[in-house]
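This report refers to the structure that appears directly beneath it.
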Amino acid sequence: MYTELHARSAFSFLEGGSTPEDLVSVCAERGMETMALLDRDGVYGAPRFHLGAKKIRLRAHIGAEVTAADGWRYPLLVETREGYQNLCRLITRMKMRAKKGEGHVFAKEMTKLGGGLICLTGGEEGPLTHALLHGGAAEAERRVHELCETFGRENVYVELQRHLCRHEEARNQAALAIARKMKLPLLATNGVSYAQPPQREVLDVFTCIRHHRTLATAGRLLSRNCERHLKSPEEMKRLFADLPEAITNTQELSARLGFVLSDLGYKFPDYPMPDGETQTSFLRKRTYEGMLWRYGGGNERARQQLECELALIDKLHLEGYFLIVWDIVRFCREQDILVQGRGSAANSAVCYALGITAVDPVGMELLFDRFLSEERGEWPDIDLDLPSGDQRERAIQYVYERYGKLGAAMTANVIT
Amino acid sequence: MFAGVFAENFLVQAAVRGEPGLQECALALVDGAPPLAKVVAASEAARRMGVEIGMPKATAAQFLGVEIRVRSLTLEKSAHAALLDLGWSISPRMEDTAVDTVVVDVAGLGSIFGDEEAIAGELLKRGRACGLRLNVVVAANIGAALTAARGIAGTCVIARGTEAARLSGLPVSVLLLSEEMAETLERWGVRTCGALAALPVLELSERLGQEGVRLHALARGDGARAMIVAEPGHTFEEEMELDDAVEELEPLSFLLGRLLDQLCGRLAARALAASVIRMRFELEPAFEKAIEAKKEIVRAKNLPGVFERELQLPVAMRDAKMLLKLVRLRLQANPPGAPIVKIRLAAETARTRVTQNGLFLPSFPDAEKLELTIARIANVVGEGNVGVAERMDTHRVDAFQVVKFLAAVEERDYEMPARGASARIAMSCRIFRPVLAAKVELEAKRPVRVFFAGMRGDVAAAAGPWKTSGEWWREDAWQQEEWDLELVFRVGRGESERRLYRVYYDAKCEGWFVRGVYD
């Protein structure tokens, strides 16, 4: 059985012609049970790839092609949760010191953060091809040695791709010789750039946009043929009939890749505590102070609701999250900045008591489960409305000052 | 020091420059809509015969031996451009004073041309080469130089301080008087600059105002003022409107030769050469075919058609004869197709070619001659069928285009092979042009037998397919699967021959072809 372990989606921005959902659905059609997505310098496509795969019960491996200083790219597959964290750290560091669309990682960073990652020798943009072109077989061998030192011998696979091009076969023969000499495993991939052959046209147009050319003037920048699509295991077996181990190794490697995106292990951040307090005790105190302010001392229904909500928050370890939102709201109140929580957070008595929302969910008999539910397995989100302009900027700056420039981020989304 | 350059009787000179045959004739230029056309300029010979400015055309036509031509603004524009180029050929500081007058700052040119006399002589000589007869006067101030140039024929140098004396004998008309002023001075009996200069300036100003004072200063040779420097132009154009349409190449060549002479003269004056010659011919409207057609079509037909051609030169040149040959060849290959009523030639300029080559470079044929030879070949085989084959930037196998042949030697940086790079052993493949049609038998999608050129080859080994496809947005998109096949041919009893072929299947025309054979 064959598993495609080197594919790009449209999230490689102008280097891939299909969406992650397209890729997983065609993967299922071709009878494959697993697949890996390696977008260029990012894991943007990973959530959609993961969710798409989950829907049709496919196993989705995550990875990325990470640009090195010389312009070539490390094709990296995530083996463990630590690997995913390292990959995200590498990409973040690279992006933070360069302009949009630029940047690269340094070899020493890769040595430090290479744990939990599997490195392939890559296709046209990979380290092996780059070394072959710029220094011949000896340089290629030296480069593979470096990869082995960085990631460990057991975590390096010599990748072979066959797109029915003459020049590619010469490269494959050189890669094969190195693999045999260094006793490294071979790995067949198709360096997928689109799901189906007709989508080559989309990729060609993307290539033109990337290079600021027209179709008529792009020349050899365009694809040579339509072979970079997702191929069935049978097709791949035929292509690599002379190297069956390159096919079987895809299965073995796939089995090694234990990480899936649902296994992120994400934990909400803690709120900085005064001495002698825990997150739970501090939240409980602030909530009961708020209860006295909102309901007075004798509202039993409110007390019961708060107890119920606090118990669930404690169980889900979300105290820090509520305290951080409370802290932002408190700052805004102190600074006379209008702030108002809205949406499903209005169903929470804790949010009401903490002053985040203004609607009494006990009096209005609102359903708390709409906001937070153990069964639903989703994370809560609290939307805060702030006035635009300087006042909002002050609130933003407060968050940055309190949690550090790497502890807070601004995001934008486009609702389509 | 300033040189005042004046082309006397400019309208006539412009007409003669466009039609040198009129040089010795008595010529009268007429302007205005018939029947009110009047004489606006006349040559000296025509004046002697009695032709006067303002005379009706019909009256002027009564004089036997007087050639009458319609005034041509095109020719005047061209003559003026030549006058400007003449000035710039001597000095970058030049004033475009009037259509027939320029002032050139000649200070500091002594080391190049010699003394003022020599500079004036050089201007006169260059003017003659451009087809203009000039008066050139060098003086210490612009006013004196201009005034004297209008009155002294040929060349003259006025030493500083002697301006009043040199101008004194000239008629007051050289001061460009208004009609009213000329009448007043005539009435006073003031006919020369000397007489005007002798008048007391205070009284003159009381009677003639500031204009009188200005004229008095000019007549004394005191015309110092700042120069308004003209910017050198970068367009070199020559135009000619034809009274009678020209259809044949021979008479057209004659006219083109004249225009090219003028164009090259101007280029030479500026030490430039032409890298591109643009030809624009206005064609005679075709009435006859539109007689039976609708009115709109008739109107459309009445519009002059335009025929344009561009002559790209591999090396910048300004040899009028060579250019004429090239233009002729181009027009022979692509004739305008209708009689021509107006010609315009424009040159795109470049610096003149440096002919000095390196001692150790191979000698090449002269670039101009080579270009002429290529143009002659193109005339026979067709444009686009002569040149150098250049590989196109495409994945399409064997795609090439024919580009212009250039003899220029380029110094190339030869790339040294990368250190440690293994030496590549490449097989050479002889390509069949055109490719050979073949019939191929397949088993499990792989070729097993190939029939072509009356031969049958059994496939002993096959590598491939190598797939290429592209230009999917065009009608002539291609899609090919290429194989390298080792074929075994039976050549005799028990004997066989093996050869390696490159064979491909063209999915667009659904056929097999043999592209080449490996050595």
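By the count of neighbouring beta-carbon atoms within 10 Å, fewest first, A:Thr80, A:Thr129 end up ordered A:Thr80, A:Thr129. Relative to the dominant Cα principal axis of chain A, helix A:244-256 is inclined by about 10°. Close amide-amide hydrogen proximity is noted between B:Glu52 and no other residue 5 or more places distant or on a separate chain, at a cut-off under 5 Å (H modeled in the peptide plane; Pro and chain starts excluded). Under 15 Å from the Cβ of B:Pro200, count the other residues' Cβ atoms, weight Lys and Arg +1, Asp and Glu -1, and hand me the total. So the surrounding residues net to 0.
Taking other Cβ atoms within 10 Å as a rough exposure proxy, A:Met94, B:Met455 sort from fewest to most as B:Met455, A:Met94. When the pairs A:Lys99/A:Lys237; A:Lys181/A:Lys231; B:Lys321/B:Lys404; A:Lys54/A:Lys99; A:Lys54/A:Lys108; A:Lys95/A:Lys285 are compared against a 31 Å limit on Cα-Cα distance, A:Lys99/A:Lys237; A:Lys54/A:Lys99; A:Lys54/A:Lys108; A:Lys95/A:Lys285 fall above it. Remark: the Cα gyration tensor places region A:164-277 in the oblate category, a/c being 1.5 or greater and a/b not exceeding b/c. Annotation: amide H of A:Tyr271 within the under-5 Å range of A:Gly320, sequence separation 5 or more or interchain, hydrogens built in the peptide plane. The calculated FRET efficiency for A:Leu338 paired with A:Arg81, based on their beta-carbon distance and R0 = 56 Å, is about 0.85. Helical content of the protein assembly as shown, expressed as a calculated mean residue ellipticity at 222 nm, amounts to -11500 deg cm²/dmol (DSSP H runs of 4 or more residues, -39,500 (n - 2.57) each, divided by residue number, nearest 500). Sorting the Cα pairs of region A:279-403 by distance into bins of 5 Å, from 0 upward, gives 2, 11, 21, 24, 20, 13, 7, 2, 0 percent per bin. Between B:Glu203 and B:Val403, the contour length at 0.36 nm per residue exceeds the alpha carbon distance by 64.2 nm. Computed over neighbours whose Cβ is under 12 Å from that of A:Ile396, the net charge equals +1, Lys and Arg +1, Asp and Glu -1. Computed from backbone phi with θ = phi - 60° and the Karplus coefficients 6.51, -1.76 and 1.60, the 3J(HN,Hα) list for region B:140-150 is 6, 10, 5, x, 5, 4, 5, 4, 5, 4, 6 Hz; x is used for glycine and proline. Rounded to two decimals, the Cα-based Rg/Rh of chain B, with Kirkwood Rh, is 1.20. Of the Cα atoms belonging to chain A, the radius of gyration and Dmax stand at 26.2, 84 Å. Simple spin-label estimate for B:Arg160 and B:Glu495 gives 10.3 nm between the two label positions (7 Å along the Cα-to-Cβ direction from each Cα). What shape does region B:429-518 have by the C-alpha gyration tensor, where a ≥ b ≥ c are the square roots of the eigenvalues, rounded means a/c under 1.5, and otherwise prolate means a/b greater than b/c and oblate the rest? Prolate, because a/c is 1.5 or more and a/b exceeds b/c. Would you give the gap between the C-alpha center of region A:378-416 and the C-alpha center of region B:211-273, rounded to a whole Å? That distance is 72 Å. Would you grab the residues whose amide H sits under 5 Å from the one on B:Ala42? Only those 5+ places off in sequence or on another chain, please, with H modelled 1.01 Å from N. It is B:Leu29, by chain and number. Report the Cα centroid-to-centroid distance between region A:289-318 and region B:2-71 in angstrom, as an integer. Result: 112 Å between the Cα centres. Fewest neighbouring Cβ atoms within 10 Å first, the residues B:Asp506, A:Asp336 line up as A:Asp336, B:Asp506. For the protein assembly as shown, the gyration tensor built on C-alpha atoms gives an oblate shape. Its axis ratio a/c (a ≥ b ≥ c) is at least 1.5, and a/b is not larger than b/c. Taking a straight Cα-Cα cut-off under 22 Å and skipping sequence neighbours fewer than 8 places away in the same chain, the lysines within cross-link reach of B:Lys508 are B:Lys439, B:Lys445, B:Lys467.
Counting Lys and Arg as +1 and Asp and Glu as -1 over every other residue whose Cβ lies under 12 Å from the Cβ of A:Ala345, the net charge comes to -2.
Values quoted throughout were computed directly from the atomic coordinates according to the rules given, and no laboratory measurement underlies them. Quick caveat: nothing in here was measured; it's all calculated off a predicted structure. So basically every Cβ, Gly included, is an ideal-geometry build from the backbone, and we count neighbours across all protein chains shown.
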